[in-house]
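Engineer: If you scroll down you'll find the structure; I have some questions about it.
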Amino acid sequence: MIKNLLFGIITLLPLSAQETEPVSWTYELTKLNSLEYEISFNAEIIDGWKLYSQFSPEEGSVATSFKFLNNDNNYFADEIFNEDPYIIGYDNVFKMDLFYFEGKANFNQSLRLNNKDVNQVKIEVEYSSCDDELCIFRNETFNIVLDKNKKILQDDNVTLDDIKKYNSLELELDKSNYNSVDVVQSSNYFEIFIFGLLAGFLALLTPCIFPMIPLTVSYFIDQEKLKYNSLTSASLYGFFIVMIYILLSVPFHLFDSLNPNILNTISTNVYVNITFFLVFIFFAISFFGYFDIVIPSNIISGSEKKSEKGGVIGIFFMSLTLALVSFSCTGPILGSLLAGSLSSAESGAMQLSSGMLGFGFALALPFTFLAFYPKYLSLIPKSGLWLKKLKVSLGFIELALAFKFLSNADLVEGWGILKREVFLIIWILIFLTMSLYLFGSYFGKLKFNFKSLSGWFFMLFSFYLISGLYDSKNVRFLSGILPPEFYSIEEKVNDCPLGLKCFKDFQDGKNYAIENEKIILLDFTGWACANCRRMEENVWSKPAIFNLLDNNFVIISLYVDDRTKLSIEEEFKFLNNSGNIQYVNNIGRKWSLFQQINFNNASQPYYVAMLPSGKILTEPIQFTSEENFKNWLDSSIEESNN
């Protein structure tokens, strides 16, 4: 007892000038078979120090010991490890013979799994080490991953029951028929860039920017005010405009790096879509002229003062001033661009950056071009009433887009307040009112001018929408914007695309495919997925493709944004790649994780043709043309017959 008390006091003493720990530990893991492993710990002991054996007498130093912290009968392992032959020697501190190692020591033990879901073993090593003057006591914990090809799932908050539910989502797939499951839509960036470009050209025509074009170009042509020649200055000005708008997307790259699926999740979030709805209503009222959205004047004046310094810094702040001053007009359009990027087939930060690049390029182009070719300045029309009409027209468009986001929330939650026909009627009223405004009847003033081409355009567009109330095929140009055809006031055969037979649970669909000897078509989709609707209404609807789907495939549509709650028994949590806990508590999260685990993909639409046995027939495909999709279906059928 006195000796143990003496050792306890000694362990509290400092290590003097010792800069490193006297004992350093490493481990090696050897897999013997699917259930058995050997764990080997190696201790490196610095000169002059001793590490004590597991069998050293209790009256002496604290013996080395190993403790399994997360066993719970999940594996069998003896906590007494095999160890190297030890040295027996007299210890001057404890005045007795002790068992110890010098230089190095090895401890090893075999482990047999009782639960195949276990992929991590946590072992605590306690030991003491002494030299001729003092002793230290230490403990170290090792988290040993048994199979590094599997995801690390467990920590103190994630139970083995959670891991079992996570592992149940993993399919045994035969992926020999294709090289990669990570399909990328190369055209998506270009589409978003074009969308941004068009938005930028539209912003140019607003009253906040259009009158500034000749003023700014004239400033660059007056070379006496500049440290650089006019062409260099105009080029820098254009470059900085593009850079400023690209920089606005940088924070989204941070979110994307933390979780590649986060922006897709945000875009289908009910609260985010309702927020977009309210913000777009706010933007519309602003465009109608009831108030202006402005940046605080002290920020604008500060930027203007710095722009007067000249040089590269001055030109940068000139560009920044343009962005700030024009925000009352560009803000709503940028909001549309942000929403459009998030709603793309592969919503992500790169899509948003592509859109911002297009937007900035469109804004910068006239300033730079006219500085190079000033003779074209005379061709620019004068500001006037047409600018005001354009701004109000944008207000009507913002109002229409607002209901698209309310529709997203309605679809995801299944409220049933914006069925397809209701949505169409709202848009018909908006665009009929817009056409009347362009004809001259607005805000109670009855004065028509039927020569307005834009008025006739939106009047005809309203009649086009009216035709969709009688036959949904008439408005397939708006697929992806309108609610799906089966989301209707009229009673439909089922809630599957085009009335095809489909399942919304993988196991149910698989069982049906086995019974009827059909191919499984996994359809990873979303209620708020615009390109999913375009594929269903514009590609699947073609007679040849429809017949192939109806006769040869079992469609399993898994909605990754379905917010229907899972039962308590089905809920679970897991550790993501960042080491953070993620909760799977609704159907959408379950199928989103199912897609990521089995196909390393998080975008929609995403189609997989497979047999119930797990054999993938062809490479998965995403948003594509009618011809490509039909060829893909034919190839899948042909491969299933081999």
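Quick note: the coordinates plus some simple rules give every number you see, no bench work behind them. What you are looking at is a predicted structure, and each value in this text was computed from that prediction instead of being measured. Cβ placement follows ideal geometry from the backbone for every residue including glycine, while neighbour counts extend to all protein chains displayed.
Engineer: Which order do the peptides 520-531, 158-169, 119-130 take when ranked by the mean count of other beta-carbon atoms within 10 Å per residue, highest first?
Structural biologist: Working: 520-531: 25.9, 158-169: 17.0, 119-130: 20.2.
Listed from highest to lowest mean packing, they are 520-531, 119-130, 158-169.
Engineer: Also, I was wondering about something else. Would you list Leu498, Leu370 from fewest to most Cβ contacts within 10 Å?
Structural biologist: Working: Leu498 18, Leu370 22.
In order of increasing Cβ crowding within 10 Å: Leu498, Leu370.
Engineer: How long is the range 2-149 along each principal axis, judged by its Cα atoms, biggest number first, in Å?
Structural biologist: 48, 29, 25
Engineer: Can you bin every Cα-Cα distance in the range 497-640 into 10 Å intervals starting at zero and give me the percent of pairs per bin, rounded to whole numbers?
Structural biologist: Calculated P(r), rounded to whole percents: 11, 41, 34, 11, 2.
Engineer: Can you give me the long-range amide H partners of Leu146? Hydrogens built in the peptide plane at 1.01 Å from N, cutoff under 5 Å, separation of 5 or more residues or another chain.
Structural biologist: Gln120, Val121
Engineer: I would also like to ask the following. Cα-Cα over 28 Å: which of Lys116/Lys501; Lys116/Lys518; Lys122/Lys510; Lys31/Lys164?
Structural biologist: Numbers: Lys116/Lys501 37 Å; Lys116/Lys518 32 Å; Lys122/Lys510 38 Å; Lys31/Lys164 22 Å.
From Lys116/Lys501; Lys116/Lys518; Lys122/Lys510; Lys31/Lys164, over 28 Å: Lys116/Lys501; Lys116/Lys518; Lys122/Lys510.
Engineer: Per-residue HN-Hα couplings for the range 117-122, Karplus 6.51 cos²θ - 1.76 cosθ + 1.60 at θ = phi - 60°, whole Hz, x for Gly and Pro?
Structural biologist: Coupling constants for the range 117-122: 6, 6, 10, 8, 10, 10 Hz.
Engineer: Ranked highest first by the average count of other Cβ atoms within 10 Å around their residues, in what order do 132-143, 46-57 fall?
Structural biologist: Working: 132-143: 14.7, 46-57: 18.3.
Highest to lowest by the protection proxy: 46-57, 132-143.
Engineer: Could you run the Karplus curve 6.51 cos²θ - 1.76 cosθ + 1.60 with θ = phi - 60° over the range 199-205 and give me ³J(HN,Hα) per residue in whole Hz, x for Gly and Pro?
Structural biologist: Values, residue by residue: 5, x, 5, 5, 5, 4, 8 Hz.
Engineer: Farthest toward the dipole's positive end in the range 497-640, which of Gln596, Ala513, Ile616, given Cβ charges of +1 (Lys, Arg) and -1 (Asp, Glu) about the Cα centre?
Structural biologist: Positive-most Cα among the choices belongs to Gln596.
Engineer: In the range 497-640, what percentage of the DSSP-assigned beta bridges are antiparallel, given to the nearest 5? Show your work: numbers first, answer last.
Structural biologist: Values: 12 of 21 bridges.
Given both bridge residues lie in the range 497-640, the antiparallel proportion sits at roughly 55 percent.
Engineer: With θ set to phi - 60° and the Karplus curve 6.51 cos²θ - 1.76 cosθ + 1.60, what are the ³J(HN,Hα) couplings of the range 454-467 in order, to the nearest whole Hz, using x for Gly and Pro?
Structural biologist: 5, x, 5, 4, 6, 5, 5, 4, 5, 5, 4, 5, 4, 4
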